[in-house]
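What follows is calculated from the coordinates using simple rules that are stated; it is not laboratory data. Model, not experiment: these values are computed from the prediction. Positions of Cβ are generated from backbone atoms using ideal geometry, with glycine treated the same way; all protein chains shown enter the neighbour counts.
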Amino acid sequence: MQKFSDDTAIVGCVRNGQEREYRSLVEDFVEWCTTNHLKLNIIKTKEMCIDFRRSRPSQQPISIKGVDVEVVRSYRYLGVHLDERLDWSVNTDIVYKKAQSRLYFLRRLGSFRICQKLLLMFYQSVVASVLFYAVVCWGGSISKRDAGRLDRLVRKAGSVLGLELESLTPLAERRALSKLLHIMDNVHHPLHSTIIRQRSSFSGRLLSQSCSTDRLRKSFVPQAIRLFNSSHTITKKAQQRLYFLRRLRKAHLPPPILTTFYRGTIESILSSCITAWFGNCTASDRKSLQRVVRTAEKIIGVSLPTVMDIYTTLCIRKANSIVDDYTHPSHTLFTLLPSGK
């Protein structure tokens, strides 16, 4: 019986031309495969050296069982094309060509006067699945020119559907933040300990990593930390305005006036665009927001709606507004049942 292990990658760091550790790592892996009866396909095995220096020194290729491994400048790994500069230009070109070819079928379906709901379903499953595949990895690191090319395809698809579709940058940021929150909640994720170590015990924010290059600053972890900290601004603003609520309470103002002040200055911040971001908050973030509400309750002396109640109420209100508004881009996504639900 022959066993194969597909998509296996060995990553090594070579400093000051010292390749001994890297080559010994490959030799140990080859020995491990032989011991566990795994057959290596040397013909399909590739080596790629990621080097950002202008002048790159020559490097001897890796040899496995007397056969030199082919050195490539780009490689397709798990559906994403990596290149030796990590500028994602090769991946963007291939994604652009694939999505452009699939737009043809979207236009053909549009010419048959198919309903907007089916066109949107086709776009999301056939076009967007190619455009935004693994966008968390490369969405924040591609050049403005490449991002503009992909956004043009999104606008072309939107003109066929008659909708304004989400462009690359906001979608990549939303998915990056969602991925970071998933990592923080999953203690078994390899990056969990790295992210949690960055969390401040005082403010709950994530400490920004020191980035010496623009390439590192635009990578996933630093970018996701910036997005995460921007969501914490809401809690910080609300906590700062509790000071003025306390000052009004010391002035012996009645609870109705304090409640009006709370709703106009604190609850308005907590509920700002809450339907867009509250669903992706971690449990700890929701507790931080709720602590602000509980503090305000103690100051005013009356019961106030929880953050979850505010979120639920605004979600229902927004859904009813979309159902009643035939011109809303998402109107076709809401279909009422015969029962009215």
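On average, how much area does the Cα convex hull of segment 167-217 cover when viewed from any direction, in nm²? Walk me through the intermediate numbers first.
Working: hull surface 18.3 nm².
Taking a quarter of the hull surface, the average projection is 4.6 nm².
If you average 1/r over every pair of different alpha-carbon atoms in segment 1-82 and take one over that average, what Kirkwood value in Å do you get? Don't jump to the answer; show the numbers that get you there.
On the way: mean 1/r = 0.0703 Å⁻¹.
One decimal place: 14.2 Å for the Kirkwood radius.
Take the Cα gyration tensor of segment 13-58, multiply each eigenvalue by 5, square-root it, and list the three semi-axes largest first, rounded to whole angstrom.
Working: eigenvalues 142, 37, 8 Å².
So the equivalent ellipsoid measures 27, 14, 6 Å along its semi-axes.
Computed over the Cα atoms of segment 210-257, what is the ratio Rg over Rh, Rh following Kirkwood?
Values: Rg = 19.1 Å, Rh = 13.7 Å.
Using only Cα positions, Rg/Rh for segment 210-257 is 1.39.
Relative contact order, percent, of the chain when contacts are C-alpha pairs under 8 Å separated by at least 6 residues? If you can, show how the numbers build up before the last one.
Details: 288 pairs, mean separation 32.8, N = 341.
The value is 10 percent.
Once the convex hull of the C-alpha atoms of segment 133-190 is built, how many Å³ does it hold per residue, rounded to a whole number?
Numbers: hull volume 5.1 nm³, N = 58.
Spread over its residues, the Cα hull of segment 133-190 gives 89 Å³ apiece.
When Rg is the radius of gyration of the Cα atoms in segment 187-277 and Rh is its Kirkwood radius, what does Rg/Rh come to? Numbers along the way, then the final one.
Values: Rg = 18.3 Å, Rh = 15.9 Å.
A ratio of 1.15.
Could you list log10 I(q)/I(0) for segment 71-206 at q = 0.14 Å⁻¹, which the Debye formula gives when each Cα is one point scatterer?
Log-scaled intensity ratios, in q order: -0.76.
Name the long-range amide H neighbours of ILE64: under 5 Å, sequence gap of 5 or more, or other chain; modelled H, no Pro or chain starts.
Counting only residues 5 or more places away or on other chains, the set is VAL69.
Highest first, please rank the peptides 7-18, 121-132 by the mean number of other Cβ atoms sitting within 10 Å of their residues.
Working: 7-18: 9.0, 121-132: 17.7.
Final packing ranking: 121-132, 7-18.
Find how much the distance from CYS115 to TYR22 grows on full extension, using 0.36 nm per residue of separation minus their present alpha carbon separation; answer in nm with one decimal. If you can, show how the numbers build up before the last one.
Details: separation 93, 0.36 × 93 = 33.48 nm, distance 5.64 nm.
Extra length from CYS115 to TYR22 when fully extended: 27.8 nm.
Please express the shape of the chain as an equivalent ellipsoid: the semi-axes are the square roots of 5 times the eigenvalues of the C-alpha gyration tensor, given largest first in whole angstrom.
47, 31, 18
Taking the DSSP beta bridges in the chain as the whole, what percent of them are antiparallel, to the nearest 5?
Working: 8 of 11 bridges.
Beta bridges within the chain, antiparallel portion: roughly 75 percent.
Mind checking Rg over Rh on segment 1-154, alpha carbons, Kirkwood formula for Rh?
Details: Rg = 20.7 Å, Rh = 18.8 Å.
Rg/Rh for segment 1-154 comes to 1.10.
Given charges of +1 on the Cβ of Lys and Arg and -1 on the Cβ of Asp and Glu, with all other atoms neutral, how large is the dipole of the chain about its Cα centre, in debye to the nearest 20? Please list the in-between numbers first.
Numbers: 53 positive and 28 negative charges, 243 e Å.
Here the size comes out at about 1160 debye.
Compute from the Cα atoms of segment 287-341 the Rg and the Dmax, the latter being the longest Cα-Cα distance, and quote both in angstrom.
Cα only, segment 287-341: 16.6, 47 Å (Rg, Dmax).
If the chain between ASP6 and LYS237 were fully stretched, how many nm would it gain, using 0.36 nm times the residue separation less the Cα-Cα distance? Working shown, then result.
Numbers: separation 231, 0.36 × 231 = 83.16 nm, distance 4.99 nm.
Taking ASP6 through LYS237 to full extension adds about 78.2 nm, to one decimal.
What does the net charge come to around VAL11 if you take all other residues with beta carbon closer than 15 Å to its beta carbon, with K and R at +1 and D and E at -1?
On the way: positive: ARG15, ARG23, LYS46; negative: ASP7, GLU19, GLU21, ASP28, GLU47, ASP51, GLU84.
After counting each charged neighbour, the total is -4.
Take the alpha-carbon centre of segment 188-255, take the same for segment 144-183, and report the distance between them in whole Å.
Each part reduced to its Cα centre gives a spacing of 25 Å.
Based on the alpha-carbon gyration tensor of segment 222-341 and its eigenvalue square roots a ≥ b ≥ c, which shape applies: rounded if a/c is under 1.5, prolate if not and a/b is larger than b/c, or oblate?
Oblate.
Mean projection of the alpha-carbon convex hull of segment 80-132 over all orientations, in nm²?
Numbers: hull surface 14.3 nm².
Its Cα hull, projected and averaged over all orientations, spans 3.6 nm².
Using only the Cα atoms of segment 246-305, construct the convex hull and provide its projected area averaged over every direction, in square nanometres to one decimal. Before the final figure, lay out the partial values.
On the way: hull surface 16.8 nm².
In nm², the orientation-averaged hull projection of segment 246-305 is 4.2.
So which chymotrypsin sites (Phe, Trp or Tyr not before Pro) in segment 180-238 are both in a DSSP loop and have at most 15 other Cβ atoms within 10 Å of their Cβ? Mind showing how you got there, number by number?
Working: sites: PHE202, PHE220, PHE228; in loops: PHE202.
Here the chymotrypsin sites (Phe, Trp or Tyr not before Pro) that fit, given the DSSP loop and packing criteria, are PHE202.
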